[in-house]
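Comments concern the structure below.
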Amino acid sequence: MMKLTRRDREAMARAIEQLRQQGGEDARQIEDKLAREPWEKVGSFASYSRQDTNLCLKPWQVPPCWLRTSDDLKAALAMPNDHSGRRAAGELVRRLLDAGLSRYEPDPIGALERVEAQRAKAASGKPTPTEHGGNELNARQRSCRV
């Protein structure tokens, strides 16, 4: 695994916490992993789990957190758009990194939306929809459920 940045560790910690908050088997599994495995491995697993859910990935599709190195990213961006989603994952990682975020963000699209909303607010001085209780993340999650 590549050397993790502070942002990577923070994103992984959020992913672990989200699995804990889900309760049930997810919480038991993450606690068991934390007791037995290195934190970085558990954080990577948690990020994968949350990205899989939040991005509505098919079993054969690649999540952003699997593109761990700059070489992985470069290879993914060189691929055609196909069923594996590798190029799409690469494009998402590039957007995350350009926004100062981590490839391990548990909800990559939501994180990018928050950054864009913060930038728009800073530019306009007006509050964003999420500051007034907007919940587009849950709407997006519901829309990908079959």
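Values in this text are rule-based calculations from the coordinates and carry no lab data. Predicted model only: the values in this text are computed from it and were never measured. Cβ: placed from backbone, ideal geometry, glycine included. Neighbour counts: every protein chain shown.
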field: Separation of the M2 and R20 label points, Cα + 7 Å toward Cβ, nm
entry: 2.7 nm
- line: Low-density loop chymotrypsin sites (Phe, Trp or Tyr not before Pro), the range 9-71, at most 12 other Cβ within 10 Å, DSSP non-H/G/I/E/B, are W60
field: Contour excess over end-to-end distance, with Cα ends at L34 and R94 and 0.36 nm allotted per residue
entry: 18.7 nm
- line: With Rh as the Kirkwood radius over Cα pairs, the range 6-144 has Rg/Rh of 0.99
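Grab the beta carbon distance between K41 and Q118, set R0 = 41 Å, and tell me the FRET efficiency rounded to 0.05.
0.85
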